Amino acid sequence: MPATPAAADTTETTETAAGAAPAGGPAVPAVPADPAVPVFSVRGLWKVFGPGADKIPGSAHANLSARELRERTGCTAAVRDVSFDVHRGEVFVVMGLSGSGKSTLVRCLTRLIEPTGGTLTMDGEDVLAMDRAHLRDLRRHRASMVFQHFGLLPHRTVLDNIAYGLEIQGVGRAERRARAAAMVEKVGLTGMEHRRPGQLSGGQQQRVGLARALAVDPEVLLFDEPFSALDPLIRRDMQEEVIRLHREEGRTMVFITHDLNEALRLGDRIALMRDGRIVQLGTPEEIVSSPADDYVRDFVRDVPREQVVTVRNAMRSAEDGEGRSGETVAPDTTVAEAVGTVARSGAPVRVMEDGRCLGVVDAGCLLAAIAGEKAVAAR
């Protein structure tokens, strides 16, 4: 296979981003999806690099700081005792600064990097116990990765780059090109099918990478800081593309980023990492409203609260008939979205769910929420 432009990602691109692996071994059918079973379930996961790495989890060295661990053992713990579930249909964001362990973690999910300890299941199936055939099937059919470096084949057209994973799967030429053409339209590249990567902008190349991952129709999409190298406006466009695709398809996504605004915008839940550990896991609103420690508090200090906090956490109890008539908003409406409704109404606005009034919001409630004051509990 010709080398890709991003040599460091060559193995990852052929195995995961393209949804394929080198030929050999029988295909293993995917486990049927059970809505009650997490797509990924991770418990006590470790990844340690260095001599005697497998002896670190559970040892007296496990709780040493990164510096002390290196000095005493020569090892680096990139992922430390991490546990979480990824639920079907959610966008699960892992965020943290450089060196926090987030990219190592996402690569452990498909064993592009072998975990040192812990348990890892996909759809209830033990990923750590999978043989090469099962792993190949997982990477071909069940999980596709979109990398920061696009890893496109420079001599192939957009259409053939998108179809590459299907070609490795053995899909016939006519079918794979038809499926690739559908992906071209889905990611907004119509009219560019016959261009080569060198004729595309960075954002367009990333769309090709996204289309290539989608073409194999994976159960879950894994994004490893895919938009980090893009200009701000193009990055925002690609975020909108991910939001649109998730809204249309409801596909499970695991998204790695170092950008808090990106995490808040895309994530249903966010795992914030520091030094290989998850320091807080929750919804964007939970992380902004109730930081777990000073590190998280400093992280979210400059976040516009009105764009994240919802009226469910800003409302007060309805009094003197306020809950019987007037304007309404849904409980997941953000404070920023509710400002216009409250301003137009000139009166408290009801927060309604399933025909029931949960409480009301007025200008005072919204200002208190923006200031970070505790909401008055609704009756």
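The values are calculated or read from the model by the stated rules, or taken from the named source; none is laboratory data. Nothing here was measured: the structure is a model prediction, and the numbers come from that model. Every residue, glycine among them, receives a Cβ derived from its backbone with ideal geometry; neighbour counts consider all protein chains shown.
For a quick check of your reading of the model, give me the residue pairs whose first member lies in segment 63-75 and is in contact (Cβ under 8 Å) with a residue 24 or more places away in the chain, whose second is assigned to a helix (DSSP H, G or I) and surrounded by 17 or more Cβ atoms within 10 Å (Cβ to Cβ), with beta-carbon atoms closer than 7 Å and at least 6 apart or on different chains. Once the first residue is in contact (Cβ under 8 Å) with a residue 24 or more places away in the chain and sits in segment 63-75, its partners that are assigned to a helix (DSSP H, G or I) and surrounded by 17 or more Cβ atoms within 10 Å (Cβ to Cβ) give C75/A53; C75/L69.
Scoring L358 on the criteria (1) more than 30 Å from L97 (Cα to Cα); (2) surrounded by fewer than 15 Cβ atoms within 10 Å (Cβ to Cβ); (3) touching a helix residue (DSSP H, G or I) at 6+ places or on another chain (Cβ under 9 Å) leaves a single failure, condition (2). Return yes when G19 is surrounded by 21 or more Cβ atoms within 10 Å (Cβ to Cβ), touching a helix residue (DSSP H, G or I) at 6+ places or on another chain (Cβ under 6 Å), more than 24 Å from R142 (Cα to Cα) and at pLDDT below 95 and no when it is not. For G19, the condition - surrounded by 21 or more Cβ atoms within 10 Å (Cβ to Cβ), touching a helix residue (DSSP H, G or I) at 6+ places or on another chain (Cβ under 6 Å), more than 24 Å from R142 (Cα to Cα) and at pLDDT below 95 - is not met. Anything in segment 190-209 that is touching a residue at least 12 places away in the same chain (Cβ under 8 Å) and among the hydroxyl-bearing types (S, T, Y)? List them, or say none. Residue satisfying the conditions is S201 alone.
Scanning segment 210-241 for residues that are in contact (Cβ under 8 Å) with a residue 60 or more places away in the chain and β-branched (V, I, T) yields V216, V220.
Can we say R344 is assigned to a helix (DSSP H, G or I), under 21 Å from A263 (Cβ atoms) and not assigned by TED's automatic domain parsing to the domain that holds M273?
Values: assigned to a helix (DSSP H, G or I): yes; under 21 Å from A263 (Cβ atoms): no; not assigned by TED's automatic domain parsing to the domain that holds M273: yes.
For R344, the condition - assigned to a helix (DSSP H, G or I), under 21 Å from A263 (Cβ atoms) and not assigned by TED's automatic domain parsing to the domain that holds M273 - is not met.
Looking only at segment 204-211, decide whether some residue is outside any helix (DSSP H, G or I) and buried (at least 16 other Cβ atoms within 10 Å of the Cβ). Checking segment 204-211: not a single residue is outside any helix (DSSP H, G or I) and buried (at least 16 other Cβ atoms within 10 Å of the Cβ).
Would you say S317 is at pLDDT below 90 and hydroxyl-bearing (S, T, Y)? Talk me through it step by step, then tell me what you get.
Numbers: at pLDDT below 90: no; hydroxyl-bearing (S, T, Y): yes.
No; evaluated as a whole, the condition is false for this residue.
Here D332 meets the list (1) part of a helix (DSSP H, G or I); (2) in contact (Cβ under 8 Å) with a residue 12 or more places away in the chain; (3) within 24 Å of T283 (Cα to Cα) almost entirely, failing just condition (1).
If I ask for residues that are assigned to a helix (DSSP H, G or I) and surrounded by fewer than 13 Cβ atoms within 10 Å (Cβ to Cβ), which ones from segment 162-177 would you list?
First pass over segment 162-177, keeping only residues assigned to a helix (DSSP H, G or I): 162, 164-169, 173-177.
R173, A174, E175 - these are the residues of segment 162-177 that are assigned to a helix (DSSP H, G or I) and surrounded by fewer than 13 Cβ atoms within 10 Å (Cβ to Cβ).
Taken as a whole, the condition of being over 13 Å from the mean Cα position of the chain (by Cα) and without any contact (Cβ under 8 Å) to a residue 12 or more places away in the chain applies to G172.
D237: out of contact with any Ser or Thr (no Cβ under 8 Å at 6 or more places or on another chain), assigned to a helix (DSSP H, G or I) and charged (D, E, K, R), yes or no? Even if it seems obvious, please write down each step before you answer.
Numbers: out of contact with any Ser or Thr (no Cβ under 8 Å at 6 or more places or on another chain): yes; assigned to a helix (DSSP H, G or I): yes; charged (D, E, K, R): yes.
The answer is yes for D237.
Note on segment 61-87: residues that are under 25 Å from the mean Cα position of the chain (by Cα) and at pLDDT below 95 amount to 0.
For segment 240-270, filtered to residues that are assigned to a helix (DSSP H, G or I) and aliphatic (A, V, I, L, M), the residue that is surrounded by the fewest Cβ atoms within 10 Å (Cβ to Cβ) is I243.
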